[in-house]
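Undergrad: Before I ask anything, let me first share the structure, which is written out below as structure tokens.
The values are calculated or read from the model by the stated rules, or taken from the named source; none is laboratory data. For clarity, every value in this text was computed on a predicted model and none was experimentally measured. Cβ: placed from backbone, ideal geometry, glycine included. Neighbour counts: every protein chain shown.
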């Protein structure tokens, strides 16, 4: 198998992080206060940062090529912007 087509087992935490982002946000939405939701949105943003770092490592180790990295990185950046916007809106609604 080509190196880029096989996902090493040590990369499993990255996939766990990808799938848990939505779960983290869902858990925050089920909490009682906006402050708790903001906390969970912050955790989700931290997970996105971890995934972005994992992608950089995967690129540097040649598990993914530059084009795949650029595409995935653009999506992670888009997700981070959406999380930041949602956090600002929730925070602003808390201040009212």
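Undergrad: Could you list, in sequence order, all residues of region 1-59 that are modelled with pLDDT of 90 or more and within 17 Å of residue 69 (Cβ to Cβ)?
TA: Hits for region 1-59 are 48, 49, 50, 51, 52, 53, 54, 55, 56, 57, 58, 59.
Undergrad: Show the residue pairs meeting these rules: Cβ distance below 9 Å; 6+ apart or different chains; first residue within region 53-77 and on the phi > 0 side of the Ramachandran plot; second residue surrounded by 12 or more Cβ atoms within 10 Å (Cβ to Cβ) and part of a helix (DSSP H, G or I).
TA: 62/4
Undergrad: Same structure again: When you go through (1) within 15 Å of residue 25 (Cβ to Cβ); (2) at pLDDT 95 or above one by one for residue 77, which number turns out not to apply?
TA: (1)
Undergrad: Only one residue in 56, 64 is buried (at least 16 other Cβ atoms within 10 Å of the Cβ) and farther than 17 Å from residue 23 by Cβ, so which one is that?
TA: 64
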